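Okay, structure first, notes after.
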Amino acid sequence: MARWVRVARTDEVPAGEGRYFEVEGEPIAVFHVDGQYYAISDICTHEEASLAEGDLDGEIVECALHGARFNVRTGAVVAPPAVVPVRTYPVRIIDGQIEIEL
Ligand code: FES
């Protein structure tokens, strides 16, 4: 059954950036875009690269390895070489803590 799990404090993810967190064994990238927080699987669907380490431009993150681009809000691929969307996780903020639904 889905449940909410605490990931980090909001101030651990600066505006316009992403951060990597391991949450109950799952690699998660959290991005802070225009006051909103988005969580996706940290692993690029092309090969094995960390998306938290990619460049964030608005709500688009570019994989540092081969340049695939994903929308961090929807998980959609917006530029190849990746073709498979990345998994997204619902996010909520409770008392300054980022939580995701696993
Ligand atoms: S591993 Fe991300 S684009 Fe290749």
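Per-structure values
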item	result
Footprinting exposure proxy for Val33, Val78 (fewest neighbouring C-beta atoms within 10 Å first)	Val78, Val33
Around Ile98: net Lys/Arg minus Asp/Glu count, Cβ-Cβ under 12 Å	-1
Proxy reagent accessibility, fewest Cβ within 10 Å first, across Ile43, Ile98	Ile43, Ile98
Sparse-neighbour loop sites [GluC sites (Glu not before Pro); segment 1-87; at most 13 other C-beta within 10 Å; DSSP]	Glu17, Glu24, Glu47, Glu48
Projected area averaged over orientations for the chain, convex hull of C-alpha atoms, nm²	5.9
Loop trypsin sites (Lys or Arg not before Pro), segment 5-102 (other Cβ atoms within 10 Å of the site Cβ: 14 or fewer; DSSP)	Arg87
Charge context of Arg3, other residues only, Cβ under 15 angstrom, K/R +1, D/E -1	-2
Formal net charge of residues neighbouring His32 (Cβ-Cβ distance under 11 Å; K, R +1; D, E -1)	-4
GNM result for the chain, Cα springs below 10 Å: residue of Val84, Val61, Val72 fluctuating most strongly	Val84
GNM top mover of Ala29, Ala68, Ala79 - the chain, alpha-carbon springs below 10 Å	Ala79
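Laboratory data are not the source of any read-out in this text; all were calculated from the coordinates shown. Predicted model, so just to flag it, every value in this text is computed and none were measured. A quick note on method: Cβ atoms are made from the backbone with ideal geometry, for glycine too, and the neighbour counts reach across all protein chains shown.
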